[in-house]
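Trainee: Sharing a structure with you now.
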Amino acid sequence: MDTTELERTVAAATAGDATAFTSLVERHRRELQVHCYRMLGSYTDAEDVVQETFLRAWRRLDTFDGSSLFRAWLYKIATNACLDQIRREHRRLRSVGSFAEVPWLEPFPDRLLDQASPDDEPDAVVVARETIELAFLTTVQVLPARQRAVLILRDVLGWTAAETAGALELSVAAANSALQRARATMRERLPERREAWTAAEASEQERALLQRYIEASNAADPAVLVQIFSEDIRVTMPPYPMVFDGLESMRALFDRAFRDGTHGDWKLVATAANRMPTAASYHRAPGDTEFRAFKFDVLRVEGDQIVEITTFGPALFPEFGLPEVLPAG
């Protein structure tokens, strides 16, 4: 859509043309979904808030006076809808020691991240790895809601202090103060920035480790898994509170998954979530003729070892473009 056509669509949409409005807002769906996901840490909640954003925008078309970009106006509505959601759900952590303490945490499919920055949208947010990685998302959940919004608008989206203050109905001084406090918290709680976090895709080494993880799991071979796990590996399973630290703690998981084949068979396939290598697991129970969607394992890799696995349930298989059932054999 060229500039002239876009301007005509904006004019028609703001004049109340429902078809033009739908065409316009759908152009921004994915980037708004990513923005809301950063604010909330939940894929499901982010999708709901995007729908709420479009409803609010339609009802408030008369408040769009053309003094700002339509995209920026949508971001303002989406950000405030997220703030309402945070207040309503009382979802703010005082501290976080592991992902197990964030029961609403969900993965985000990389295939949708790639749709958030279409080639014909030069202003669309670029989804850098650092700003979608699970460690970033959980640390953001510690921030008070307004600090969270200011940090994301300023440091992720690159808005100016004045633009951020206007979106949140704050003074510029208050917005700058909130940003300083938010940055201090993030520096205190996040590990030192790593060069790899800025990569758009998994490295060759990460892909190789993911493949070894998949092959060993499919073969029910814990000996290989032990070789590629770090000594202090951590496994968490949001929304469940369990935390498994270290190789020794993994033995119970291996026993449950692989023991004598009495617990069925596994078929893992490669995918990607949050710009991290991910395995989607299918399980075939004894006597069943099909493998059924079971879980996602999101891997954090350092060097040549897997140092952390975050396991999520199967609810988002369709969003990852994955079937919920695979045939045996």
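The values are calculated or read from the model by the stated rules, or taken from the named source; none is laboratory data. Quantities reported herein were computed from a predicted structural model and do not represent experimental measurements. Quick reminder, even Gly has a Cβ in these numbers, built from the backbone with ideal geometry, and neighbours come from all protein chains shown.
Trainee: When you look at E101, is it at pLDDT below 90 and either among the basic types (K, R) or more than 22 Å from A161 (Cα to Cα) (or both), yes or no?
Mentor: no
Trainee: Could you tell me whether I214 is in a helix (DSSP H, G or I) and buried (at least 19 other Cβ atoms within 10 Å of the Cβ)? Give the derivation first.
Mentor: Details: in a helix (DSSP H, G or I): yes; buried (at least 19 other Cβ atoms within 10 Å of the Cβ): yes.
Yes, satisfied.
Trainee: Would you kindly identify the strands (runs of 3 or more DSSP E) lying entirely within region 275-329 that contain at least 3 residues that are β-branched (V, I, T)?
Mentor: Counting at least 3 such residues, we get 305-312.
Trainee: Given the conditions (1) in a helix (DSSP H, G or I); (2) surrounded by 18 or more Cβ atoms within 10 Å (Cβ to Cβ); (3) not hydroxyl-bearing (S, T, Y), and given that L143 satisfies all but one, which numbered condition is not satisfied?
Mentor: Of everything listed in (1) in a helix (DSSP H, G or I); (2) surrounded by 18 or more Cβ atoms within 10 Å (Cβ to Cβ); (3) not hydroxyl-bearing (S, T, Y), L143 misses just condition (1).
Trainee: When only residues in region 27-75 that are in a helix (DSSP H, G or I) and among the acidic types (D, E) count, which is surrounded by the most Cβ atoms within 10 Å (Cβ to Cβ)? Write out each step before concluding.
Mentor: First, the residues of region 27-75 that are in a helix (DSSP H, G or I): 29-40, 43-59, 61-63, 70-75.
Right, trim to among the acidic types (D, E) and you get 31, 45, 47-48, 52, 62.
Numbers: E31: 26, D45: 20, E47: 15, D48: 15, E52: 17, D62: 8.
Ranking the candidates gives E31 first.
Trainee: Further question: Please determine, by comparing only the residues of region 76-88 that are without any contact (Cβ under 8 Å) to a residue 40 or more places away in the chain and over 21 Å from A161 (Cα atoms), which one is surrounded by the most Cβ atoms within 10 Å (Cβ to Cβ).
Mentor: In this case the residue turns out to be D84.
Trainee: Cβ-Cβ under 6 Å, sequence separation 6+ or interchain: first residue in region 158-176 and of a type in the set (F, W, Y), partner not in a loop (DSSP other than H, G, I, E, B). Which pairs?
Mentor: W159/L153
Trainee: Pairs please, first residue from region 50-63 and modelled with pLDDT of 95 or more, second anywhere and surrounded by 11 or more Cβ atoms within 10 Å (Cβ to Cβ) and of a type in the set (S, T, N, Q), Cβ atoms under 7 Å, 6+ apart in sequence or on different chains.
Mentor: V50/Q33
Trainee: Could you please find all residues in region 58-102 being aliphatic (A, V, I, L, M) and either within 21 Å of V150 (Cα to Cα) or within 19 Å of the chain's Cα centre (by Cα) (or both)?
Mentor: Of everything in region 58-102, those that are aliphatic (A, V, I, L, M) and either within 21 Å of V150 (Cα to Cα) or within 19 Å of the chain's Cα centre (by Cα) (or both) turn out to be L69, A72, L74, I77, A78, A81, L83, I86, L93, V96, A100, V102.
Trainee: Can you run down the residue pairs with Cβ atoms below 9 Å, 6 or more apart or on separate chains, where the first is in region 229-257 and farther than 17 Å from L299 by Cα and the partner is charged (D, E, K, R) and not in a strand (DSSP E or B)?
Mentor: Listed pairs, sorted by first residue: P241/E101.
Trainee: Let me ask something additional. When you scan region 264-300, how many residues do you find that are of a type in the set (V, I, T) and under 16 Å from F99 (Cβ atoms)? Give the derivation first.
Mentor: First pass over region 264-300, keeping only residues of a type in the set (V, I, T): 269, 271, 278, 289, 298.
Add one more test, that the residue is under 16 Å from F99 (Cβ atoms), and what stays is 278, 298.
Going through region 264-300 one residue at a time, the tally reaches 2.
Trainee: Continuing with the same structure: Just checking, which of A315, A285, A273, A280 is among the small types (G, A, S), closer than 29 Å to Q115 by Cα and surrounded by fewer than 15 Cβ atoms within 10 Å (Cβ to Cβ)?
Mentor: Of the residues listed, the single one that is among the small types (G, A, S), closer than 29 Å to Q115 by Cα and surrounded by fewer than 15 Cβ atoms within 10 Å (Cβ to Cβ) is A315.
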